[in-house]
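A.B. asks: Have a look at this one.
Any read-out appearing in this document is the output of simple, stated calculations on the displayed coordinates, not a laboratory observation. This structure is a prediction, so every number in the text was calculated from the model and none was measured. Using ideal geometry, Cβ is built from the backbone for each residue, glycine included, and neighbour counts are taken over all protein chains shown.
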Amino acid sequence: MLIEGYDDEPLVAGEPLVARPGFWANHLWGPCCREAGAEPEWFGDDGADVDAMSEVLMDPGRWPVFRLPIEGGYEAVVIYRNLVGDYGVDYLLVHPDRRTTRHIASWCGELEGDTLTWHELVRVVDGPGSVAEGVRDPAARLLLLLPLLAGHPLPDEAPARLRSALIAAGVPRDITPVTAEHLLEHAAGSVWHDPAWGSPLSGGSGGPGPAESVVPARLGTGRREAVHPSTSFREGPG
């Protein structure tokens, strides 16, 4: 597997891991639920499974890579960057020619880089394009990129879509409302109340952000120049 900027790193296909117990608790806890005091049970997981998956995801000798084919032959890529002393999760956009990689964001104790609005996230999730390899299941695609949904107003349809994704990923139906609420509180950057519960504090009155603010630039249709990932990373805790 060749990705610009990671030529000498031990990259391995991570797509099979999304179906294994403990994966979603690991992937979403740090970026999305840490401050809410999340437990493995929020994701229907057992603590032992979460610990075992953590060892797999953070193995310095094997860096899991999750590829999400999107429109125009591009791929959104999530890489577990398992450098000793500099652990993080990198979010990239890979050009179809495989020679150009654009850094979107990194999570190294906190998210650094660009974020996505709900509209942009759904556009990526629902537009897998024609590339055969990679994660194609919409629920898994949404949850893989959910950490990039941060600090934006959320539309009223967000809770139902997120609950459906969690259920499809194996989270027990009876606990998905609470799990989704905490995830959306992270995404909105404030207390979130599902509008379906009749609360006046729905968090969605502002509507989604501008439709063209981030994704077109990631797809190469904007005016931003492509950058090598090493020029974009900021110092952060490992």
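A.B. asks: Can you tell me how the range 40-101 classifies by the Cα gyration tensor, rounded, prolate or oblate, using a/c under 1.5 as the rounded cut? If you can, show how the numbers build up before the last one.
C.D. replies: Working: a/c = 3.46, a/b = 1.73, b/c = 2.00.
The shape class here is oblate.
A.B. asks: About the Cα centre of the range 62-130, how large is the charge dipole given +1 on each Lys and Arg Cβ and -1 on each Asp and Glu Cβ? Please answer in debye to the nearest 20.
C.D. replies: Values: 7 positive and 10 negative charges, 64 e Å.
With Lys and Arg at +1 and Asp and Glu at -1, about 300 debye.
A.B. asks: Right, next: In nm, what is the difference between 0.36 nm times the number of residues separating Asp174 and Asp7 and their Cα-Cα distance?
C.D. replies: Details: separation 167, 0.36 × 167 = 60.12 nm, distance 4.39 nm.
Length gained, Asp174 through Asp7: 55.7 nm.
A.B. asks: Working out 0.36 nm times the residue gap between Ala160 and Asp97, then minus their Cα-Cα distance, what length gain in nm do you get to one decimal?
C.D. replies: Details: separation 63, 0.36 × 63 = 22.68 nm, distance 3.67 nm.
Roughly 19.0 nm would be gained on extension.
A.B. asks: Okay, moving on. With θ set to phi - 60°, apply the Karplus curve 6.51 cos²θ - 1.76 cosθ + 1.60 along the range 65-71 and write out the HN-Hα couplings as whole Hz, x wherever there is a Gly or Pro.
C.D. replies: Working through the residues one at a time gives 10, 10, 9, 10, x, 10, 4 Hz.
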